[in-house]
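Visitor: Below is a structure I'd like to ask you about.
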Amino acid sequence: MTILHSQTTLTAQEYLDWERQQEMRHEFINGEIYAMTGASRSHNLICSNLVAALHSQLRGKSCEVYVNDMRVKVSITGMYTYPDVVIACDKPAFEDQQIDTLLNPLLIIEVLSHSAEGYDRGAKFLHYRNLPSLQDYLLVSQHEIRIEHYTRQADHCWLLTEYQQSDERIEFDALGCSVLVQDVYERVMELFIEV
């Protein structure tokens, strides 16, 4: 993520008006715009695997699975971002008539890169925790079998469950579905050897 320097701080509406004209995606935090970088082969495979596994189980339910280009707004902090995978259920809520900025995600998944790993674990998760609808936050390594699953508990607490074995199953109680770790890393585990 690279900051795009501007001489003035933008409002959220100025950002949205500008962003909707761009070919690349940009995050917006505290009046500043950040360019999003491209994704690796492993990153893309993991996202595809997750979308395929989750979408197939959620078919016929009131949930929608979005990948990469669905902007999410954290209304309390004013952050606009693009999670790698995001799921909304029941009635997705959007910021305006453009229907391109989701307000009520239930699950957010970020595939970690070396450049953004600290941000995804730290500052970004601090923003995400302000989403009242968010029940699950998944951080997926693309360089080894390692998945961190944060589940919202009572009293603003988050329970961390870690997965490092391919035969483990990640349960998403709020969605009523689960995913095998080996399915997340299909065609990716062989790439670990090449790194």
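The values are calculated or read from the model by the stated rules, or taken from the named source; none is laboratory data. Keep in mind it's a predicted model, so treat the numbers as computed, not measured. Backbone-built Cβ (ideal geometry, glycine too); neighbour counts: all protein chains shown. Keep in mind that these areas ignore ligands, DNA and RNA; they rest on the heavy atoms of the full protein, side chains included. Shrake-Rupley method; radii C 1.70, N 1.55, O 1.52, S 1.80 Å.
Visitor: How large is ³J(HN,Hα) for each residue in region 81-96, as worked out from phi by the Karplus curve 6.51 cos²θ - 1.76 cosθ + 1.60 (θ = phi - 60°), to whole Hz, x for Gly and Pro?
Guide: Taking θ as phi minus 60°, the curve returns 8, 10, x, 5, 9, 9, 10, 10, 10, 6, 10, x, 10, 10, 5, 8 Hz for region 81-96.
Visitor: When ligands, DNA and RNA are left out and all protein chains stay put, how many square angstrom of accessible area per residue does the chain have with a 1.4 Å probe?
Guide: Details: 10070 Å² over 195 residues.
With all protein chains present, the chain gives 52 Å² per residue.
Visitor: By a straight-distance test (C-alpha under 16 Å), which aspartates and glutamates pair with Lys61 as possible cross-link partners, with residues fewer than eight away in the same chain excluded?
Guide: Partners found: Asp90, Asp173.
Visitor: Sorted by accessible area (1.4 Å probe), largest first, how do Thr101, Thr161 line up?
Guide: Details: Thr101 0, Thr161 50 Å².
Descending order: Thr161, Thr101.
Visitor: Given the C-alpha centroids of region 25-46 and region 133-195, what is the distance between them in whole angstrom?
Guide: With region 25-46 and region 133-195 each reduced to a Cα centre, they are spaced 20 Å.
Visitor: In debye to the nearest 20, how big a dipole does region 66-113 give about its Cα centre with +1 on each Lys and Arg Cβ and -1 on each Asp and Glu Cβ? Walk me through the numbers on the way to the answer.
Guide: Numbers: 3 positive and 7 negative charges, 20 e Å.
About 100 debye.
Visitor: Among Met79, Met36, Met70, which one moves the most in a GNM of the chain with springs linking Cα atoms closer than 10 Å?
Guide: Greatest mean-square fluctuation among the candidates belongs to Met36.
Visitor: Between Ala93 and Asp183, what is the spin-label point distance in nm, taking each point 7 Å from the Cα along the Cα→C-beta axis?
Guide: Rounded to a tenth, the inter-label distance reads 3.0 nm.
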